[in-house]
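First comes the structure, then the notes that go with it.
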Amino acid sequence: DVVDADENHTIGLAEASTTIPFLAVMDDAFTARAKEHGMKTVILNGELDNAKQAANIETLIAKQVDLIVVVSSNPTAVIPAIKHANRVGIPVIALNAKLDEGAELVSYVGCSDYQYGQGEAKLLVEALPNGGDVAIVLGPPGDSPTVQRLAGMKSVLASHPGIRIVATPSDGFDNSRNLAVTQDLLSKYPRGTIDAIVAEGPQMYVGAEYARKNGRDDVVFIAGDYSKQVEAAIKSGALYGTVDQSPVLQGQRAADFAWRKLTGKDVPKESLIPLPAITRANVAANPAEWG
Amino acid sequence: MTRLRRLGLWLVLATVTLLLAIASPTFRTVLNAQNVLEQTSLLGIVACGMAVMMISGGFDLSVGAVGASASVVGAIVAAHVGGPLTLVAGLLVGLALGFANGYLIAKVRINAFVATFAMSNIVSGVLFTVTDAQSHVGAPALLTTAATGRVLGVPTLFLVFVAVLAATWFVLTRTKFGHYVYSVGGNAEASHLSGVPVQRVQIFAFATGGVLAGAAGLLLLGQTQVGQPSAAQAWPLNAIAICVVGGVALTGGVGRIEDVFAATLLLGVIANGLNQLNVSPYWQPAITGLVILVAVVLDQYNRRRTPGRRAGNPAEPSRPTALVG
Amino acid sequence: MTRLRRLGLWLVLATVTLLLAIASPTFRTVLNAQNVLEQTSLLGIVACGMAVMMISGGFDLSVGAVGASASVVGAIVAAHVGGPLTLVAGLLVGLALGFANGYLIAKVRINAFVATFAMSNIVSGVLFTVTDAQSHVGAPALLTTAATGRVLGVPTLFLVFVAVLAATWFVLTRTKFGHYVYSVGGNAEASHLSGVPVQRVQIFAFATGGVLAGAAGLLLLGQTQVGQPSAAQAWPLNAIAICVVGGVALTGGVGRIEDVFAATLLLGVIANGLNQLNVSPYWQPAITGLVILVAVVLDQYNRRRTPGRRAGNPAEPSRPTALVG
Amino acid sequence: MLVLDDVSKRFGGTTVLDHVTLRVRAGEVHGLVGQNGAGKSTLVKILSGLYPDHEGRITVDGRVAALSDPRASRAEGIGVIHQEFSLVPQLTVAENLLLGREPGRWGYRQRRTEARARTLLESVEVEIGAPLTARVAELGPAVRQRIEIVKALAADVRVLLLDEPTARLSEAERRSLFAVVRSLADRGVGMIFISHFLDEVREVTDQLTVLRNGRVVASAPTAALSVGQITALMVGDELRETLTAERAAHRADDARPVVLALRGTAADVELRAGEITAVAGLVGSGRTRLCRALSGAAPARLELRGRPTRFAGPRAAVAAGVVHIPEDRRHQGLCLSHSVMRNLALTALSRGLGRWGVVRRRPVRRLARGLVADLRISPADIDAPAGTLSGGNQQKVVLGKALAAAPDVLIVDQPTAGVDVGTKAQIHHLLRERADAGAAVLVVSDDIDELLALSDRFHVLTRGVLSWSGTRVSREELLAHISA
Ligand SMILES: Nc1ncnc2c1ncn2[C@@H]1O[C@H](COP(=O)(O)OP(=O)(O)OP(=O)(O)O)[C@@H](O)[C@H]1O
Ligand SMILES: Nc1ncnc2c1ncn2[C@@H]1O[C@H](COP(=O)(O)OP(=O)(O)OP(=O)(O)O)[C@@H](O)[C@H]1O
Ligand SMILES: [Mg+2]
Ligand SMILES: [Mg+2]
């Protein structure tokens, strides 16, 4: 392929799932920014299935797209497919989820789930200066974000022995189950026996609102990600805060990098977006991007 | 005898509850009991509809998509129009989709798996396209109260569930339609020969299932305040599991709504109890699976010992039965 | 006549392929054809096992958990011991779990839904606990080649699939066991009275399904290089869907492996084609659902028109049939 | 009052009814006879609204009847006793009796249904032999037959179609059914009566129509036709010579070796090589139980060729050469969705068709073709699904399945229920052949004449107890022993 500045480039996005609101906003931002650069986009749904994601990358190779952006739900599983793309000379950018060594990547754009967990833990430390007992509500067992975020949290809490993890139930990133899990925690730990509940995802607003309405103001709630519902819950005081990984920023940056690569400009090997903490203090100034 | 017949499941429920109450001091609090009742109710409502469809000889893999549609449509209507119209809209969505399922199955003669699997895909596709996969915020106060309120300490959601149970029980045992649901599920051909309006019964069974899935979707909206297109994906399999544990045959014609109630509570108590005991989320599915197995074996044993009241074939000790149902 | 009987599905497949080839220039490339074959093969192997279980009158909701177990165990063995032992270990896992399912269903007489649902939960739970939910990296070269290699341009994975298809076809149509699988699924009691070892047939049918799920898990490991405990969750429903679209009745006794092949390719071609046509991922499930509906209706119509050759009940135009299967 | 004009029905390419014209007057019992597969049940199904796609015109009382579905047929006042029962196994006897016509508009009460069923039973004076609250799944075919009859009588019918109602009735029940038929006729109900028992057809019908291959070959007042003439009309010229009914030689011989014996029950029987043993008894007397005990379907202490044995199941029995033909062909005998060939080969497979588990196709096809010819299964298509065969032909498939295994002990429960006269003789011939080849055969039948024609030795069961045994007996004596 001769790179021609006037040629219409097509970039493929092998998405982990297109039906998760967060990722859907990222996809939209990616598409919009790509369009500004005059590039077409193709988005494939990986359905959170390793084999399906690998197959989608193969499909993009067969479609002869000019560049592939990969959002993977497993850091290893897509490596063989990316190697194939490397062999046929299609550049690959990893987005939102970091990949293992082994394949050649133009760049990684996103955040690290590890740092994300660290961000949540820092909020926790800030909310509980005197330490206390906390429960951590996990995502779907075994999924990469679940594992990485927990590891990140534990790394920070290791230097704060005053904060003890007393329970780690799972809500599977589901609103209704978050409510059930929160109810169970609150009945298991009556007033004064638990100090905070931290979730790995944005569903925490449901449980937090429940606690607020039922007078459990003794518990601090911290969510992950910044949806419109989380925003409202921070404003209402139900949530203490959250870590915001901007899907818009990530999508835009991936499109920018793709364009730079295809037009022969250099691209940084890694670009981590900031993971600002959102609390009551700055919620008004930072409206949520998705919901 | 008849009364004893299906005590099996209730005994398991009582035993499990007792064991958990002994093992966990927090399990036996009033607050926790309220929680259990509230947490099981949503899926219980879906399971009531699923039971009607299963007794009629089918099942519905689209209840999740239907529930999600009702919640999204409800949220949109609540945001733009508001009030009781939300209810109407959500239930109508459920009714229409249930009818569509029933039509495909009874008239076009597509089997229930394919019809409702395809329906689920189609509904989800439309929903994601319309909403761009984003959640919609908004629920009328009525729904919020229904989903999260308490009446004299009892969760309103549980009261709604009990009302649905009672209505389903009444329909199944005290109306001609209900009687026909059993006869069609037991032997559609014989029912047809006997003048039972088989197709109409099938269509209405699926319409009932659709309406209840829609109602559950609305209550989910009341509970979480958002209509989320990707919600409720686990409903179909979980509702079928509740029904099967409750003795509703996948082959149709057999099942009692009381036992579906027991199965709903059993699964709810286990899930809650394991959380109360701080069992690792990794172990929870395994323990749930084991308890289900034990419950079904005991229930079966109990039914086999009660003479002359077998559901289905009078199975001799060594006589094989159908694998399904 | 017999040969024409189930052409319906193949015609739909041919039509869909042709339309896509016309509509999309990249769809009709050799590379893409290779991709389609490779992409459908994993699920196709699972569907072969599912077909055997379904024809015998059951089905298996644990194929996903079994596949994930085989891939994780395979990865661990590959990392510590390596080589061909990986294969043995993975297949043994599948075999053992399949046997366990069969035992629960045939001997303990738990219905297939509950038994395999519980098994799936239990296996996943153990797997998560043992691995602490972490993925394990490592696959022997043999598996990597089998899953990703090409022989004269044909994906090895597809060749494996074809071999499994051929073996399943042979077992189902040319062996005593295969005959028994059909007869047990068609009428377990009549088979029992005719001297068919019903329980043994049921157990072996589930063991077959387990082994094939294990094999698919190993190939998944070869394809992705990682054994992930949460992988393959969509396999059970998707494999059942393939079988049902391929005309395998959920009520047992009916089904042909050739048609399962056609259904596998059909679903694979649609998924790939919609991607090639840049159809929005939101619309894809809806279109897939519609095509499935149309395929099943055409197939059914075709079967009804072929005189005197109906599968299943001799269904008359106005006579209702069972909803399932 | 009921008139069929040029009624035809095709299944795909095959014409099953060919321009049938039939007239049933009020108060007339119209007999309909013909070989298995002649199209009798198809005619009944058309009238009950199952085949709205038939050709020709049907009028009831001069008005064209639109028989679009069973409800419409009912609305025309047509009641049906179906050959293959229209019962829902999961429902109770009472619920089945009133299915589709429960009292009330929307509501449903179990108790009211039971009360209504009870009054119904009293009014028709038929003893069902099972409590109204029993589930039909737990009942045998004889009881089901009676439920089917009462169910049809539940409606206020103007035309009643009886498709082989007596196939599973005892002598006494037959009598009471005939009484009901006669009183209905007196009330002006027109009836179509289908049966393979030509004597009884001659007894109860006024008018007789003979069907052959879907065509009406004769229609005349019954009195004008002898049994011989009817038979000749039914089968045509082809097969007449086989019809000379064989009368058993009654060659019971205590010197013959006992092959299989039941021990330690109140109904111990011994089956001898080369003999046909009959077991007679009323419905529910335990005949089926005896068959199941002997064939490994129920646990029992047995003696096989002098050695104490316990079969672990039917499979062990089959392996030892003991094969059982169950009474309920649709539920225990056949897989209706499978081809005739598959069904015929099943038992033979476990007796060693094929090597190392591999089944060779050609011998299986040859076996199936042979059986189809021997038993005159029609259509003679080994690939046709068993469910599309007529009732009598299905029965032949069940029998053929057992014969294919070349058993040493053959236990047959109701071997010829619903089989036409010609084939019945052929089946008797085959059973006799098996016995002559050295097999021990046990026959259970409600048809006394069949037992008498076939057997060398007789046993009578009364409430599960062996109440009489003998080798020579007259019809009257046997009847007396049975109802004693
Ligand atoms: N659904 C069907 N599809 C194809 N052929 C059929 C179907 N139903 C019946 N037939 C054929 O129609 C013919 C007539 O069958 P029918 O049941 O009317 O016979 P019958 O006179 O009642 O016989 P029997 O005395 O054995 O009950 C048979 O050859 C049968 O195989
Ligand atoms: N599985 C069973 N469980 C309980 N009772 C049974 C069972 N099978 C049969 N019986 C009862 O045992 C008795 C004998 O039944 P059996 O079926 O052997 O009689 P039969 O003479 O063959 O009658 P039929 O004419 O109904 O076939 C009946 O009263 C019946 O109700
Ligand atoms: Mg007939
Ligand atoms: Mg009997």
Search result, residues across segment C:131-187 that are surrounded by fewer than 16 Cβ atoms within 10 Å (Cβ to Cβ), within 14 Å of chain D (Cβ to nearest Cβ) and of a type in the set (Gly, Ala, Ser): C:ALA167
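Against the condition surrounded by fewer than 24 Cβ atoms within 10 Å (Cβ to Cβ) and at pLDDT 95 or above, how does B:ALA23 come out, does it pass? Talk me through it step by step, then tell me what you get.
On the way: surrounded by fewer than 24 Cβ atoms within 10 Å (Cβ to Cβ): yes; at pLDDT 95 or above: no.
So B:ALA23 fails the test.
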Output for Cβ contacts, cut-off 8 Å, separation at least six or different chains, first residue under 21 Å from A:TYR226 (Cβ atoms) in segment A:21-47, second of a type in the set (Asp, Glu), reads A:PHE22/A:ASP225; A:LEU23/A:GLU15; A:ALA24/B:ASP132; A:VAL25/A:GLU289; A:ASP27/A:GLU15; A:ASP28/B:ASP132; A:ARG33/A:ASP256
Answer yes or no as to whether D:ALA134 is open to solvent by less than 60 Å² (accessible area, probe 1.4 Å), more than 16 Å from ligand 2 (Cβ to nearest atom), assigned by TED's automatic domain parsing to the domain that holds D:ALA152 and of a type in the set (A, V, I, L, M). no
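Table: residues versus (1) under 24 Å from D:MET234 (Cα atoms); (2) within 16 Å of ligand 2 (Cβ to nearest atom); (3) under 26 Å from the mean Cα position of the chain (by Cα).
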{"site": "D:LEU4", "(1), (2), (3)": "yes, no, no"}
{"site": "D:LYS9", "(1), (2), (3)": "yes, no, yes"}
{"site": "D:GLU28", "(1), (2), (3)": "yes, no, yes"}
{"site": "D:ILE46", "(1), (2), (3)": "yes, no, yes"}
{"site": "D:ARG63", "(1), (2), (3)": "no, no, no"}
{"site": "D:LEU91", "(1), (2), (3)": "no, no, yes"}
{"site": "D:TRP106", "(1), (2), (3)": "no, no, no"}
{"site": "D:THR113", "(1), (2), (3)": "no, no, no"}
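Quickly run through segment D:208-236 and pick out the residues that are polar (S, T, N, Q) and touching a Ser or Thr at 6+ places or on another chain (Cβ under 6 Å).
Initially, segment D:208-236 is screened for residues polar (S, T, N, Q), giving D:209, D:213, D:219, D:222, D:226, D:229, D:231.
The answer is D:THR209, D:SER219, D:THR222.
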Among the listed residues D:SER73, D:SER41, identify the single one that is within 16 Å of ligand 3 (Cβ to nearest atom) and of a type in the set (Ser, Thr, Tyr). D:SER41
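If we keep just the residues of segment B:192-247 that are within 14 Å of chain D (Cβ to nearest Cβ) and touching a Gly at 6+ places or on another chain (Cβ under 8 Å), which is nearest to C:ILE110 (Cα to Cα)?
Step one: list which residues in segment B:192-247 are within 14 Å of chain D (Cβ to nearest Cβ), which gives B:192-201, B:204, B:247.
Right, trim to touching a Gly at 6+ places or on another chain (Cβ under 8 Å) and you get B:194-196, B:204, B:247.
Numbers: B:SER194: 33, B:GLY195: 35, B:VAL196: 32, B:PHE204: 30, B:GLY247: 11 Å.
Ranking the qualifying residues of segment B:192-247, first place goes to B:GLY247.
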Residue under question is D:ARG376, and the condition is that it be more than 15 Å from the chain's Cα centre (by Cα), within 16 Å of ligand 3 (Cβ to nearest atom) and not acidic (Asp, Glu); does it hold? yes
Among the residues of segment D:187-197, is any away from chain B (no Cβ under 14 Å), part of a helix (DSSP H, G or I), more than 16 Å from ligand 2 (Cβ to nearest atom) and not polar (S, T, N, Q)? no
Among the residues of segment C:44-71, which ones are within 20 Å of C:MET119 (Cβ to Cβ) and more than 13 Å from chain B (Cβ to nearest Cβ)? C:ILE45, C:VAL46, C:ALA47, C:CYS48, C:GLY49, C:ALA51, C:VAL63, C:VAL66, C:GLY67, C:ALA70, C:SER71
Given (1) within 16 Å of ligand 2 (Cβ to nearest atom); (2) at pLDDT 90 or above, where does B:ASN313 come up short, assuming only one miss? (2)
So is D:LEU50 surrounded by 23 or more Cβ atoms within 10 Å (Cβ to Cβ), within 12 Å of ligand 1 (Cβ to nearest atom), in a loop (DSSP other than H, G, I, E, B) and within 7 Å of another protein chain (Cβ to nearest Cβ) or not? yes
If a residue must be open to solvent by 80 Å² or more (accessible area, probe 1.4 Å) and more than 18 Å from A:ALA97 (Cβ to Cβ), how many such residues does segment A:261-284 contain? 6
With the structure loaded, tell me whether D:SER123 is away from ligand 4 (no atom under 16 Å from the Cβ), of a type outside the set (Asp, Glu) and either open to solvent by 20 Å² or more (accessible area, probe 1.4 Å) or free of Cβ contacts under 8 Å to residues at least 60 places away in the same chain (or both) or whether it fails that test. yes
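Looking only at segment A:99-110, decide whether some residue is within 10 Å of chain C (Cβ to nearest Cβ), touching a Pro at 6+ places or on another chain (Cβ under 8 Å) and among the acidic types (Asp, Glu).
Filtering segment A:99-110 for residues within 10 Å of chain C (Cβ to nearest Cβ) gives A:100, A:102.
Among the residues that remain, those that are also touching a Pro at 6+ places or on another chain (Cβ under 8 Å) are: A:100.
Subset that is among the acidic types (Asp, Glu): A:100.
For segment A:99-110, residues within 10 Å of chain C (Cβ to nearest Cβ), touching a Pro at 6+ places or on another chain (Cβ under 8 Å) and among the acidic types (Asp, Glu): present.
Just give me the residues in segment D:261-282 being among the aliphatic types (A, V, I, L, M), assigned to a loop (DSSP other than H, G, I, E, B) and open to solvent by less than 40 Å² (accessible area, probe 1.4 Å), in sequence order.
The first filter runs over segment D:261-282 and keeps only residues among the aliphatic types (A, V, I, L, M), leaving D:261-262, D:266-267, D:269, D:271, D:273, D:276, D:278-280, D:282.
The next check asks that each one be assigned to a loop (DSSP other than H, G, I, E, B); those that pass are D:266-267, D:269, D:273, D:282.
Of everything in segment D:261-282, those that are among the aliphatic types (A, V, I, L, M), assigned to a loop (DSSP other than H, G, I, E, B) and open to solvent by less than 40 Å² (accessible area, probe 1.4 Å) turn out to be D:ALA267, D:VAL269, D:ALA273.
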Is it the case that segment D:273-283 has a residue that's facing another protein chain (nearest Cβ under 8 Å), more than 16 Å from ligand 3 (Cβ to nearest atom) and of a type outside the set (Val, Ile, Thr)? no
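Before we move on, is D:ALA155 under 30 Å from D:SER8 (Cβ atoms), at pLDDT below 90 and open to solvent by 10 Å² or more (accessible area, probe 1.4 Å)? Spell out the reasoning first.
Details: under 30 Å from D:SER8 (Cβ atoms): yes; at pLDDT below 90: yes; open to solvent by 10 Å² or more (accessible area, probe 1.4 Å): yes.
Against the criterion (under 30 Å from D:SER8 (Cβ atoms), at pLDDT below 90 and open to solvent by 10 Å² or more (accessible area, probe 1.4 Å)), D:ALA155 qualifies.
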B:ALA215 passes all but one of the listed conditions (1) aliphatic (A, V, I, L, M); (2) in a loop (DSSP other than H, G, I, E, B); (3) open to solvent by 10 Å² or more (accessible area, probe 1.4 Å); the exception is number (2)
Restricted to segment D:404-426, and to residues that are within 14 Å of another protein chain (Cβ to nearest Cβ) and of a type in the set (A, V, I, L, M, F, W, C), which residue is farthest from ligand 1 (Cβ to nearest atom)? D:VAL409
Could you say whether any residue in segment D:162-170 is surrounded by fewer than 16 Cβ atoms within 10 Å (Cβ to Cβ) and away from ligand 1 (no atom under 13 Å from the Cβ)? no
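Please work out which residue is nearest to the other protein chains (Cβ to nearest Cβ), limiting yourself to segment C:96-122 and to residues that are among the small types (Gly, Ala, Ser) and open to solvent by 10 Å² or more (accessible area, probe 1.4 Å). Steps first, please.
From segment C:96-122, those among the small types (Gly, Ala, Ser) are C:96, C:98, C:100, C:102, C:106, C:112, C:115, C:118, C:120; that's our starting set.
Filter once more, keeping what is open to solvent by 10 Å² or more (accessible area, probe 1.4 Å): C:96, C:100, C:120.
Numbers: C:ALA96: 16, C:ALA100: 11, C:SER120: 7 Å.
Only one residue fits best here, namely C:SER120.
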With D:GLY387, D:GLY370 as the choices, which residue is facing chain C (nearest Cβ under 7 Å) and modelled with pLDDT of 90 or more? D:GLY387
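The values are calculated or read from the model by the stated rules, or taken from the named source; none is laboratory data. All figures in this text were calculated on a predicted structure; none of them were measured in a lab. Note that each Cβ is placed from the backbone with ideal geometry, even for glycine, and that neighbours are counted across all protein chains shown. The accessibility values were calculated without ligands, DNA or RNA, using every heavy atom of the protein model including side chains. Shrake-Rupley method; radii C 1.70, N 1.55, O 1.52, S 1.80 Å.
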